[in-house]
Every structure is written in C-alpha cells, then in structure tokens.
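Below is one structure, written out as structure tokens; comments come after it.
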Amino acid sequence: MRRRTYLTGLAGVGATALAGCSGLVETRAIPSSPPVLSNRPSAVYFPTHVEGMQMSGMAKSGEYQFGLMYSYPHRFWNVNGTSASMTEIQDDDDIHLMATVWDPETNTVLPDTGLSLEISKGGDLVSEEVIYPMLSQPMGFHYGANFGLDGDGIYTVTVSVGGVNTRRTGAFEGRFADPASADIEFEYAQSARDEISFERTMDRAGEAAARPPMEMGMMPLSVLPEPADLPGETRGETSMGDARLVVKSLETLPSGVEGGSDAQYLYVSARTPYNRMVVPAMGLEGTLTRDGETVFEGELLRTLHPEAKYHYGAAVPSVESGDTLSLSVTVPPQVARHEGYETAFLEMEDTEVTLS
Amino acid sequence: MSDAGPTRRDVVKAAVAVGGAVGLSACIDAIGGESTAPTGPDDLSTLPERQHAWKGRVREDEFGNEALPRHQTLLYLNLTEGPSADARDTVEAALSTLDRALARNHEGLLHSIAYSPAYFDRHFDESLPEDLDLPEPRALSSFEDPELDRQDALVHIASDQPDVLLRAEEALTGERDTLNGVTVEGALTDVFEVDSRRTGFVGAGMPFERGDEVEGVPDGNPIPEASPLFMGFKAGFAKNQATEDYVTLDSGPFAEGTTKHVSNIRQRLADWYGEQSFDDRVMEMFSPGHVEQGLVEGVGENLGDDSGIDRFVDDIEAHAREYGRVGHAQKAARANRDADGNPLLLRRHFESADENVASLHFPSLQRGIGQFEAVRQAMNGEDIPQITPAVRQRVNNGILEYIFTKKRGNFLVVPRSLRALPTPTGDVE
C-alpha cells in the first residue's frame, strides 16, 4: 500500500558548493517586492517583478511524476468563490515551494486534485500542509505555498497527491484514482536561494502581457495545445474574464462519458491569454440552441483526457454549424494566483458564441 | 489531595508524555509515595462483561455528555510466543491484577484489551465468525496513505489520574511488584512485546496548556482555554453518539464485545486558526447553517447534548453552492445514522502530544468496522467537489485541510471473559 520512492535533489550541485560556507556568506534579505499596482486591469497583466526559481528534485511514484521547485517567498492571492484575497509574506517564511504532478506517459500536468507536502529535517517534522493549486505566468498550474524552514541543511520533502476525482476519459479512464507519495531530498542554503534572480519590472508592470513560460527542462508545463492541435473540430473561440475559451466537438463520445449512442461531445478548452496555460477548476454551464430550440442545457463537466487535456465537456445530441452556445460561469476558477493573474478569470460575464 | 501540588502534577503529566521505562520510573521516584486510588472489587465477577463499559464509570458534564478520562495510553503489542494455556494464564493474571488493584472508573482505571484480525489470522487455523465485520485496516480516502496497525493486540488504559495510569502501565510491563497495594500477579510483557506506545489527554484546558509546546499549533497559542480539543470545540455530544448498548455485539461468541477502529490523525492548525475567522471554523467543523443561525458560542458548550447537526444534513449541496464550504460534522452525519436516526458510532477520541506533534488518537466503537468506514467515506466528501469547484478535495471540505491520517488499525474488543488470547471461535482451547 505504501508507495514511496527516494531520489536525491537534482539541484544539489549549486547548493552543495555553498552549503559549507553559508556562515561566511553575507546574509541578504529577501528582495523586497514593489507594491501591488494601484490601477490593475481586470485582466492578465505583466507583474511588477520577476523571480527565477530553482529546481529541487524530481521523483516518480505510482502513476505520477513529481517535480519540486523553490524560489523566494511570494505574495499570492487565494481564491474563495468570487473573491481573491492576498496572502502576505510572513516574517518567518524562507521560501515559496512549488510542486507539480504529471503523467509521465503523456506529459500531462494533473490539476484539480489535492496535494500536500511534509517537510522534515533529520527526522524532525518541520511542516506539513495541504498546499494550494495556483496559477503563475511562467509556470502555469502548480501547487504552492510559502514555508519557513529550520536553517540551512538537508530536508526531506514528502510530496503526496490524492487520487484524482475529476472525470477522466479516453485512455485516462480508470487512471490516477489512487494516492501516491514520494520523498524528494531538498538541500537548502539561504546563500543559494539568494542567488536566484530577482528583477524589478516596473517599466512593463501593468501592461496587457504576461511573462513567457519558463523552460523547465524535463518538467512539462500546463501549456495547452493550439486549438487546431486539440482533437475534433474547432467550432469557435470566445473570451470570458480574459480567459480564452476554445469550443471543440467530437463526433462520438470518448469512453468514460455517459450519453446515448448517437450523442456527440462538446467541449471547451480554457486557457490563459499569451501563454496558453490551463485555466482549471471553474463551474461552467452551457446552453446549445438551434433555430430557437434548446438542444442541450447543463453543466460542462471538468474532465481530463490525454489529448484534449483538462477541459470542460458534455454529451450533447448533436453539434451543427450555426448553433449558438451560451456559456455561463457558475464559479470562477478556484485556484490561487501569482501576481499578474489575480484580477483575471474572476469576473466572467456570460457569453455567446456562434458555432462554425 | 494534599500532596498534589502543581510541581508534582506537572511532573506526572509530563511523564505520561515522555514515557518509556526510565522516564516513568524516574518520575515516580521523584514524586515519591503512592497517591490514593480506589481499589477494585474482591469479587471480579461483579465487573461488567463489556470491557468498553464506560457509562456511569466516567464523569458526565451537566448536559449528560461523557467527559472522557483525562489521561489515556494505547499499548500496541505483539506476541513473543504462541497463544498457549500458560500464555493465557499470564495475560489473565496481568489484567486481573488491574481489576483488583484499581476501581474500574475514571478515578481508578478503565482498561481493555482488543485483538486485531491479523492476530486471529496469524495464530489460528479457524476463522472468525462470518457475520463479524472485522476486516484488516486500509486507507479510507483517496488522499491518505496511512501506516496500518496490524499488531496482535491493543491495550487501552485511561484514568483521570496520570500517576495511576503510569503505575498501571508499569505493572503491565513488568516494572512493578505491587499496584495500589495489590501484588502484581503477571505482566503482559512476559508474553508480548510493546511495539508502539501512544499517549494522550482530553479535557477543558489541556490542549491550551500544551499549545506552546507542540508542533502543529501556531505561535501565539490560539487554542481557546476552555476547549477540550486542539481544534477549539467540544465534540462527542451525547445525542450524536451511539450508546454503548447500540455498539455492543448482541450475539455470537463475542457477544458483549464490540469492534474498535483506532486512527492517529496529525493536526496542522496554523491555517485553521491563522486564516480562518471563528465563523469560518464553525462552518467547517459543524455546518454553514450553524453560522447562519448563530448556534455555536465559544467552544460549543451552549450546544448542550446535541450539536444540532441532523437538521443540516440535507442542506449540504445547497450549502456547498451558497457558501463554497461544507461542514465536517454535516458530512459525517450523512452515514452515521440508522434508518431510525440513531447514531452508529461511539467516538472516544483524545488528543496527543506524542513526539511533540499535535495529533488525535481516534478510537471509535461500533458493531462493525464497515459502519466506521462508511462514516469516514462520507466525511471525505468526495462528492462535494463535483457539485462546485469552490469545495476541493481537501480545501473548504470540512476540516480535511488540517488533518493528516497517519495510522489506522482495526480491533475486536472481546468480552471480558475471553480477553486472554481468545480463539477465533471463542472456544477455550
């Protein structure tokens, strides 16, 4: 039952070189972030500062591959319902830890589950938290939280993922149902942390733009395919709260979706502007009308599929050119936000798209 | 008690937590003398056949809620030899020493021994009765990976007096010749080894007193002084608990016994207290309806003998949509009632500072382990995120964000007459 694997940190080289002389290195305070802009647009915007991050390690357990990264502690915004509230950096925060989980077979990042981290040092518990799903511009979807540590040294971070409750279809049907955890060794030195880049970007801050996705080496990002590269026919595109919504249809239902044998599959792929990061965990309802008659009315269910990736979909009797799809967000994306995303994807007005 | 000054009390309380033979003996030597505890009966046949009979033997508060013994210890034991007639005599001698030495109540000692499915499987060819619902322990949610306790036996001792508890443990582990003036006739450690020793406490003020010392409680110790539990509320209201009669097996070889699930749940309360208002905590512990109607004051003393949860069970989907949260008690109650509305589980959980980490030892008594499993699955609320993404697997979903299940074990609390290394059929070999 207990699935654990052990793997030492990939980023050990830099940290090891500095670990022995941390006492000699001048201590630098966490770079102070510029104040939050006073006139943020209700849309994605370029943040006031740009931080690098450091890979701590990766590990595989069960069906999952885990990656662990860290950076300076961040301010971020928690989303509950329709409000986003800022979590400030606390005095005792040393790092922002970020974890991602993906399917190593398809390199699909798995959003919308539960993830917790246990941090120990020399067998003593340092922390254990359920960490929050988050969106950041360079990483897209990940799980993250600020943590205080117990000084320089070698930590063991146990990353635990819950079984995925999101509907899984196609080759994902029946997969990712079990929890798994993996230990990742994390060698921390404040001096190494302080080598992480930190750049103030006030000249661009507030622009309608986003930082480009980071190059993460072996670790996949939650970037969604271009509309044409998703399975099925592209039926239209629209925008809600600055999220881009691509409407697609499949002639037949993927396995794992209930519906009549003649039913077709209508789905919406929701992504951030500029860098196509998945926008998960929202409640989405759709009404499909044809010549004034309602063809379908109901929830577009959060769903994971190996090619359609994370999307919102429903079985419908049919999809035809000229149909109107009305979309309504019942709950905006329930993910915490790094700066530049905290005002977007919250106020999402109903929209209509005429399908091609 | 005249000799019960604060220093002595502190020493003893600390000693329960420290444990280990050296710690115990040093502590007891330091205290000097034996405090008075009521002794047990001469005629042991006057004792109840139910080892889990606590009713009338523990304090009750003014509302009739059980006030559990303030200090408790769990000893997980493995046999070092087969269950022979001699071994049975030793076990019986050890346990009847406790019976004679200490009154079976909160001022003396409450104690029981229970056996795991693995015990019956490892040591016997015969099977347990088919209608006895005692499976091996397993993970009970899609987000936990607990260590499974499969030791042979679980001894649970409990008392309001910490030094009585320590002395009883010393008697069981062969470190004392006398207990409360009674000769120790046998030690469990003659046939068992202690695989795991876990300790705890429960009662108003006790979590607060330890709040500054344990990992898991945030700086500033926000635990209400009046709270019997770390999370700041009372629990186990009489009307929401099964009765002892209800959880007791009524037929078969183990009639008058019961099944016992014991989990250990680590608590991480920084965000519970740091990011949540009192109303948020009431919503997540009880239900959004409790906040809407202003039902909970302070630690919930005003709830009397009933958390009032039953009337909000059917509102859970509406609450999830409206508030983006659901309550822990609200979810669990969905599976914790029979057709007539009677609760199925008798929960007797207590807090722990073992290894200086805040956790909860959670023994639950019920007729069958399947009942416990169903309640735990209802508490997982895995259906709620389907209703709204505002409730996630472990966030806004009752108290799941703050609790981490580390251990699970299932045991059969056999009737007292079969407590010494029982066979699966209840027959005496």
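Would it be correct to say that residue B:283 is in a loop (DSSP other than H, G, I, E, B), surrounded by 22 or more Cβ atoms within 10 Å (Cβ to Cβ) and touching a helix residue (DSSP H, G or I) at 6+ places or on another chain (Cβ under 7 Å)?
Against the criterion (in a loop (DSSP other than H, G, I, E, B), surrounded by 22 or more Cβ atoms within 10 Å (Cβ to Cβ) and touching a helix residue (DSSP H, G or I) at 6+ places or on another chain (Cβ under 7 Å)), residue B:283 does not qualify.
Scan segment A:1-60 for residues that are β-branched (Val, Ile, Thr) and modelled with pLDDT of 50 or more and jot them down.
Correct list: A:30, A:36, A:44, A:48, A:50.
Results for (1) of a type in the set (A, V, I, L, M); (2) buried (at least 18 other Cβ atoms within 10 Å of the Cβ); (3) within 14 Å of chain A (Cβ to nearest Cβ); (4) under 22 Å from the mean Cα position of the chain (by Cα), shown as yes or no for each residue.
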position: B:268; (1), (2), (3), (4): no, yes, yes, yes
position: B:273; (1), (2), (3), (4): no, yes, yes, no
position: B:291; (1), (2), (3), (4): yes, yes, no, no
position: B:329; (1), (2), (3), (4): yes, yes, no, yes
position: B:346; (1), (2), (3), (4): yes, yes, no, yes
position: B:364; (1), (2), (3), (4): no, yes, no, yes
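Tell me the strands (runs of 3 or more DSSP E) entirely within segment A:78-121 that contain at least 3 residues that are buried (at least 22 other Cβ atoms within 10 Å of the Cβ). Give the derivation first.
On the way: elements: A:83-87, A:95-103, A:115-121.
Because the criterion is at least 3 residues that are buried (at least 22 other Cβ atoms within 10 Å of the Cβ), the strands (runs of 3 or more DSSP E) in segment A:78-121 that meet it are A:95-103, A:115-121.
Six or more apart or on different chains, Cβ under 6 Å: which pairs go from a residue in segment B:375-394 that's more than 9 Å from chain A (Cβ to nearest Cβ) to one that's β-branched (Val, Ile, Thr) and in a loop (DSSP other than H, G, I, E, B)? Could you list them?
Within 6 Å, the pairs are B:384/B:391.
Could we say that residue B:378 is assigned to a helix (DSSP H, G or I), surrounded by fewer than 23 Cβ atoms within 10 Å (Cβ to Cβ), in contact with a Lys or Arg (Cβ under 9 Å, 6 or more places away or on another chain) and modelled with pLDDT of 95 or more here? Explain how you work it out, then say what you get.
On the way: assigned to a helix (DSSP H, G or I): yes; surrounded by fewer than 23 Cβ atoms within 10 Å (Cβ to Cβ): yes; in contact with a Lys or Arg (Cβ under 9 Å, 6 or more places away or on another chain): yes; modelled with pLDDT of 95 or more: yes.
Yes, satisfied.
Matching residues to (1) more than 22 Å from residue B:391 (Cα to Cα); (2) surrounded by 15 or more Cβ atoms within 10 Å (Cβ to Cβ); (3) in contact with a helix residue (DSSP H, G or I) (Cβ under 6 Å, 6 or more places away or on another chain):
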site	(1), (2), (3)
A:219	yes, yes, no
A:225	yes, yes, no
A:247	yes, yes, no
A:276	yes, yes, no
A:284	no, yes, no
A:288	yes, yes, no
A:294	yes, no, no
A:326	yes, yes, no
A:329	no, yes, no
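Given the criteria of a type in the set (Val, Ile, Thr), in contact (Cβ under 8 Å) with a residue 60 or more places away in the chain and away from chain B (no Cβ under 14 Å), does residue A:79 qualify?
So residue A:79 fails the test.
Give me the residue from segment A:161-179 that is buried (at least 24 other Cβ atoms within 10 Å of the Cβ) and within 12 Å of chain B (Cβ to nearest Cβ) and, out of that set, nearest to residue A:73 (Cα to Cα). Talk me through it step by step, then tell me what you get.
Start the filter on segment A:161-179 by keeping residues that are buried (at least 24 other Cβ atoms within 10 Å of the Cβ), which leaves A:161-162, A:164, A:172, A:176, A:179.
Remaining after also requiring within 12 Å of chain B (Cβ to nearest Cβ): A:161-162, A:164, A:176, A:179.
On the way: A:161: 23, A:162: 25, A:164: 28, A:176: 31, A:179: 28 Å.
Step by step, filter segment A:161-179, then rank; the result is A:161.
For segment B:68-97, enumerate the residues that are charged (D, E, K, R) and not in a loop (DSSP other than H, G, I, E, B).
Our first condition is that a residue be charged (D, E, K, R); within segment B:68-97, this holds for B:70, B:81, B:86, B:88-89, B:92.
Correct list: B:86, B:88, B:89, B:92.
Looking only at residues that are more than 10 Å from chain B (Cβ to nearest Cβ), over 29 Å from residue A:255 (Cβ atoms) and hydroxyl-bearing (Ser, Thr, Tyr) in segment A:127-157, which one is surrounded by the most Cβ atoms within 10 Å (Cβ to Cβ)?
This residue is A:136.
Would you check if there is a residue in segment B:124-134 being part of a loop (DSSP other than H, G, I, E, B) and within 30 Å of residue B:39 (Cβ to Cβ)?
No, that holds for no residue.
Please count how many residues of segment B:212-252 are of a type outside the set (Ser, Thr, Tyr), farther than 29 Å from residue B:355 by Cα and over 17 Å from the mean Cα position of the chain (by Cα).
Residues flagged as of a type outside the set (Ser, Thr, Tyr), farther than 29 Å from residue B:355 by Cα and over 17 Å from the mean Cα position of the chain (by Cα) within segment B:212-252 amount to 5.
Would you confirm whether any residue within segment B:197-206 is crowded, with 16+ Cβ neighbours inside 10 Å, at pLDDT 95 or above, assigned to a loop (DSSP other than H, G, I, E, B) and within 14 Å of chain A (Cβ to nearest Cβ)?
no
Is it the case that segment B:402-412 has a residue that's crowded, with 22+ Cβ neighbours inside 10 Å, at pLDDT 95 or above, of a type outside the set (Val, Ile, Thr) and assigned to a helix (DSSP H, G or I)?
Checked against the condition, which is being crowded, with 22+ Cβ neighbours inside 10 Å, at pLDDT 95 or above, of a type outside the set (Val, Ile, Thr) and assigned to a helix (DSSP H, G or I), segment B:402-412 yields at least one hit.
The values are calculated or read from the model by the stated rules, or taken from the named source; none is laboratory data. None of the values given here were measured: they were computed from a predicted structure. Cβ coordinates were reconstructed from backbone atoms using ideal geometry, including for glycine residues, and neighbour counts include every protein chain displayed.
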